[in-house]
1. Could you check what % of the DSSP bridge pairs in the chain are antiparallel, to the nearest 5?
2. For Cα pairs less than 8 Å apart in space and 6+ apart in sequence, what is the mean separation divided by the residue count of the chain, i.e. the relative contact order in percent?
3. For segment 58-115, state the average projected area of the convex hull of the C-alpha atoms over all orientations, rounded to one decimal in nm².
4. Just to compare against my own numbers: the Cα pair-distance distribution for segment 256-397, 5 Å bins, whole % per bin, please.
5. Can you give me the Cα centroid spacing of segment 294-366 and segment 176-191 in angstrom?
6. Could you order peptides 120-133, 431-444 by the average number of other Cβ atoms within 10 Å of their residues, highest first?
7. Roughly how many Å is it from the Cα centre of segment 451-477 to that of segment 217-241, as a whole number?
8. Is segment 257-338 best put as rounded, prolate or oblate by its Cα gyration tensor, with a ≥ b ≥ c the root eigenvalues, rounded for a/c under 1.5, and otherwise prolate when a/b is larger than b/c, oblate when not?
Ligand SMILES: Cc1cc2nc3c(=O)[nH]c(=O)nc-3n(C[C@H](O)[C@H](O)[C@H](O)COP(=O)(O)OP(=O)(O)OC[C@H]3O[C@@H](n4cnc5c(N)ncnc54)[C@H](O)[C@@H]3O)c2cc1C
């Protein structure tokens, strides 16, 4: 039996811990924050329970597969409901697309907007299913040390169907003309931290995930997932040390031998570091052991950060559903302000999540739990004054569209932005979702899962393979655990 250490209790850390424990090892998770879940932590104030980070539950099969590895199923821990409509995209006053849960409903909606598009959608999603299945079976569960890992018969046979060198934007536009349908089909890749023209068309597997596999919600909130993982980990003997920041990894003879914590220097046989990769390397390792220099990070394309408002409203708000995307401004202008010329966006797109529409437990009776998110460039100057300015902007747009007063009914409000991401997670430039999945930052081209000089140190999480998002974080922890077990055998 070995004694393994995991830094960070986000999805990737808890996933890694579960796999290491299942293999019969002593596992300790060290987490700097008081509560577990990383970016998916939650908090309760005045009867409102707010999920702090993720709110979209997509790819339920990945969660089933994760828990299935341990003889369990998500339903052993939480009740999942499918949202119908899955989400609505707001383009203007009377210009809204509410996406039904059923495929027949989605096809009707497409056909009503653009003649002939229902048939095209079927074909698009057939391709998306192929990409999804190929991706899930042959691509994402790999350590990505070399392109050779991806060469197998099934992948080669279908390589043209994977559209690796085309962008999502051109792929979508080769099918659909109506700008609203184009926006709807391009939206899911925003989860990968980049715009549709920067992302390989292979990632239109996300459309299959969004439209065909459905949008789900765990009753009680997204917090149910990290809670489930923590329960599972503890049931296998994993120990959690909270409020326990790791400040250094001590190396001897090419291996990490111990970790510096605020209350001791525990010995270790191997480490999986799941805090933000940049911090793990630049602050915990001496320069000769780092995979990358500071300059390397400055050249990377980061996924956006975001300005979030957690809001309690003392009445029900009309017209909002669970997931609402306010696309009533120019996406090109906003993306320019994130990626090309980083600055606070004049007229931002934003997302409003209202889980109390589905779940009575997240707000007091008759009230509404609102989470409003504006994507912004990482590294911007974040001040109270700026946050307040954007609060007024988005609340006024939401009130206008809803035709309802909201601001004067706000009984709880907290904002969260770049400075908080840096303070809470040591996030590089306050990024929220890690690295963008652009073509040049995909698979082998991502920061490596393994440390190149220390044989018992691996990285996991949204800055390494396979990429940002909850399902990839689960997978990342699994891959890293497999590699550590192999290397320390
Ligand atoms: C606002 C927001 C909305 C999102 N929405 C979605 C969504 O709807 N759907 C989706 O799939 N994904 C979403 N994501 C992305 C998803 O939440 C993340 O990709 C995922 O949670 C990352 O998990 P992780 O384990 O890689 O990292 P983290 O969750 O960041 O976990 C890393 C942990 O390491 C800890 N740590 C760091 N340094 C140290 C140290 N020195 N010592 C000890 N501990 C340390 C941190 O405190 C943290 O708890 C969202 C993210 C954000 C921020």
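Every read-out reported here was derived from the displayed coordinates using simple, explicitly stated rules and does not represent laboratory data. Because the structure is a prediction, the values reported are computed rather than measured. Ideal geometry is used to build each Cβ from the backbone, glycine not excepted, and the neighbour counts take in all protein chains shown.
1. Details: 46 of 64 bridges.
Taking every DSSP beta bridge with both residues in the chain, the antiparallel ones total about 70 percent.
2. Dividing the mean separation by the residue count of the chain yields 23 percent.
3. Directional mean of the projected Cα hull area for segment 58-115 stands at 5.5 nm².
4. Taking all Cα pairs of segment 256-397, the binned fractions are 2, 8, 14, 14, 12, 11, 11, 10, 9, 6, 2, 0 percent.
5. 17
6. Details: 120-133: 18.4, 431-444: 22.5.
Final packing ranking: 431-444, 120-133.
7. 20
8. The shape class here is oblate.
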